[in-house]
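Undergrad: Got a structure here, written out as structure tokens. Questions coming.
Each reported figure results from applying straightforward, stated rules to the coordinates on display, with no laboratory input. Keep in mind that this is a model prediction, so the values were computed, not measured. Note that we place each Cβ from the backbone using ideal geometry, even for glycine, and neighbour counts take in every protein chain shown.
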Amino acid sequence: MEFTPTKLPGVTIIRPDVFADARGFFLETYHAEKYARGGIKAHFVQDNHSRSIKGTIRGMHAQRRHPQDKLVRVLAGRIFDVVADIRPESPTYLKWISVELSAENFLQLYVPRGFAHGIGVLSEYAEIEYKCTDFYNPDDEIRIIWNDPSIGIKWPIENPIVSPKDLEARALADQPELLAGLREIVS
């Protein structure tokens, strides 16, 4: 099992050990002791599973008073997985990274609290499963428009399919109340 840090502190790409033979494959998708040795000591309390069609963008999302760490993986298809630092006091504030996660490459992405997360579907459809360290709280949700110019994510999707809720999201610069609250996030 490999844990590869990214240029965003705490954001980690995980390559699990995959045991494949003529019958198929086996892997551990999570093992608390092994992940702790790799620097991920999160206590997960909720698992989510979503399916989206090609061209869908979901995000950018986070939570303020109930921040979530996430461990993301793809069960079917391919996604462009994006993480942006939204901690105003951070030296990497508004920086972002992306990684392609797929059912074929088995990679996982660990997203700590204080980062906004989003995905873009590259294949005909994708099924994504992710673990969270706190429960989803719709009243606490941070939504940032997927094409916020201050972050400048280079999405590889033209004319994305975006939910009405995500279309209502605004750029960080248009949410001064959000910026003030982001300083409360513990990283």
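Undergrad: Among the listed residues I97, I153, which satisfies the condition of being in contact with a strand residue (DSSP E or B) (Cβ under 9 Å, 6 or more places away or on another chain), in a loop (DSSP other than H, G, I, E, B), closer than 22 Å to T12 by Cβ and not hydroxyl-bearing (S, T, Y)?
TA: Only one candidate qualifies: I153.
Let's see how each residue does on (1) within 18 Å of the chain's Cα centre (by Cα); (2) free of Cβ contacts under 8 Å to residues at least 60 places away in the same chain; (3) surrounded by 13 or more Cβ atoms within 10 Å (Cβ to Cβ):
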{"position": "K41", "(1), (2), (3)": "yes, yes, no"}
{"position": "Q46", "(1), (2), (3)": "yes, no, yes"}
{"position": "H49", "(1), (2), (3)": "yes, no, no"}
{"position": "I57", "(1), (2), (3)": "yes, no, yes"}
{"position": "R64", "(1), (2), (3)": "yes, no, yes"}
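Undergrad: R87: within 14 Å of G10 (Cα to Cα), basic (K, R) and touching a helix residue (DSSP H, G or I) at 6+ places or on another chain (Cβ under 9 Å), yes or no?
TA: Working: within 14 Å of G10 (Cα to Cα): yes; basic (K, R): yes; touching a helix residue (DSSP H, G or I) at 6+ places or on another chain (Cβ under 9 Å): yes.
Considered against the rule, which asks whether it is within 14 Å of G10 (Cα to Cα), basic (K, R) and touching a helix residue (DSSP H, G or I) at 6+ places or on another chain (Cβ under 9 Å), R87 comes out as yes.
Undergrad: Still on this structure, I have one more. Looking at R15, R78 in this structure, which one is touching a residue at least 60 places away in the same chain (Cβ under 8 Å) and basic (K, R)?
TA: R15
Undergrad: If you don't mind, there's one more thing I want to ask. Select from the range 156-177 the residues that are in a helix (DSSP H, G or I) and among the acidic types (D, E) and write down the one among them that is farthest from G59 (Cα to Cα).
TA: Result: E177.
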